[in-house]
Amino acid sequence: RAALHPGVVTDTAGGGTCTANFVFTQGNRVFLGQAAHCAGTGEATETDGCSSATGPLGTTVAIQGSDGRDRRGAMVYSSWVAMQADGETDPDVCAYNDFALVELSTGDAADVNPSVPFFGGPTGLHEGVLRAGTPVLGYGNSTTRHGVEALRPKAGSIVAANGGGIGYEVYTVSPGIPGDSGSGYLTQNGEAVGVLSTLNLAPLPVSNGMTNLAKALSYAADHGFADLELEPGTESFTPNPAALLSRTGQE
């Protein structure tokens, strides 16, 4: 019933409409996570965070509360901004590190719950690299689905790890589409593991690129956001792909 939670829609000034992934805190500060490219100001094909155009830190982000009232946040961290300021040259980091933080006002923080809709959790942060075939669960909220709730939850698996596990290729029932960018992925244990970054047409058609959340947070820690905490959900985690497939009309 909280107005702000994982899965709410974010609209970044000069950028695009995306989906929030998880809730993070640093002391008394409260943040929603999204993808860095949600603040991208260039072409939709610009996906290299070290060279793509992006809005600056402080960019206003409108957050569509589930109570029907918009809030205003500010983008206070962007992996794209950090990489460009730092002169990052590792091509894998440039390609797959796609994470941003939207800070909420003190007043709006009281309207936040960190639970992921449909699945509950997260139960914690997944560390390490997932192997191909590992199941993952996601929740996107693209406005192009016109509010069809059954298409928001996703079940699928890792197809391949990229850049030594900085990113992944993922296939899910009901793939992530524009507007789902930034949404979170969970393991079957409910651990937060990734952020939806791209919709891929090749070499794996209709797959999604996913940023490894633990590695993205490690990069953020090196660029001003040490001691950032992932907030666990208050609702119990329940992986239920059978019910998910039924709700999305699959066999």
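Using a cut-off of 14 Å between beta-carbons, work out the net charge of the residues near Gly68 (Lys and Arg +1, Asp and Glu -1, Gly68 not included).
Numbers: positive: Arg1, Arg69, Arg71; negative: Asp67, Asp70, Asp111.
Cβ neighbours under 14 Å give a net charge of 0.
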Long-range HN-HN contacts of Thr54 with modeled amide H, under 5 Å: Thr41
Estimated D of region 60-195 in µm² per second, where Rh is the Kirkwood radius over Cα pairs and Stokes-Einstein applies at 4 °C, 1.567 mPa s: 79 µm²/s
Where Arg29, Arg69, Arg152, Arg1 fall by accessible area, highest first, once all protein chains stay in place (1.4 Å): Arg1, Arg69, Arg29, Arg152
Karplus-derived HN-Hα couplings along region 108-116 (A = 6.51, B = -1.76, C = 1.60, θ = phi - 60°), whole Hz, x at Gly and Pro: 6, 4, 5, 9, 9, 10, x, 6, 7
Within the accessible area of region 88-219 (1.4 Å probe), percent carbon and sulfur: 55 percent
With DNA, RNA and ligands ignored, accessible area of Ile166 (1.4 Å probe; Å², nearest 10): 30 Å²
The chain - accessible surface per residue (Å², probe 1.4 Å): 42 Å²
Interatomic Cα distance distribution for the chain, bins of 5 angstrom, percent: 1, 7, 15, 20, 22, 17, 11, 4, 1, 0
Estimated distance in nm for a label pair at Thr89 and Ala221, the labels positioned 7 Å out from Cα along Cα-to-Cβ: 2.6 nm
Of all DSSP beta bridges in the chain, antiparallel share, percent nearest 5: 95 percent
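Dipole of region 43-198, Cα-centred, from +1 at each Lys and Arg C-beta and -1 at each Asp and Glu C-beta, to the nearest 20 debye? Intermediate results must be reported in sequence, preceding the final value.
Numbers: 7 positive and 18 negative charges, 115 e Å.
It works out to roughly 560 debye.
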Fraction of the pair-distance distribution of region 1-94 above 15 Å, Cα-Cα pairs, percent: 60 percent
Residue-by-residue Karplus 3J(HN,Hα) for region 75-89, coefficients 6.51, -1.76, 1.60, Hz, glycine and proline x: 6, 10, 8, 9, 4, 5, 4, 5, 5, 5, 5, 8, x, 4, 10
Derived scalar couplings ³J(HN,Hα) [region 164-175; Karplus, 6.51 cos²θ - 1.76 cosθ + 1.60; whole Hz; x for Gly, Pro]: x, x, 5, x, 9, 9, 10, 10, 9, 5, 6, x
Protection proxy ranking, peptides 223-235, 34-46, 102-114, average beta carbon neighbours within 10 Å, highest first: 34-46, 102-114, 223-235
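The values are calculated or read from the model by the stated rules, or taken from the named source; none is laboratory data. Remember, predicted model here, so these are calculated numbers, not experimental data. FYI the Cβ positions are ideal-geometry reconstructions off the backbone, even for glycines, and counts take in every protein chain you see. Accessible surface is based on the protein model in full, side chains and every heavy atom, while ligands, DNA and RNA are left aside. Shrake-Rupley method; radii C 1.70, N 1.55, O 1.52, S 1.80 Å.
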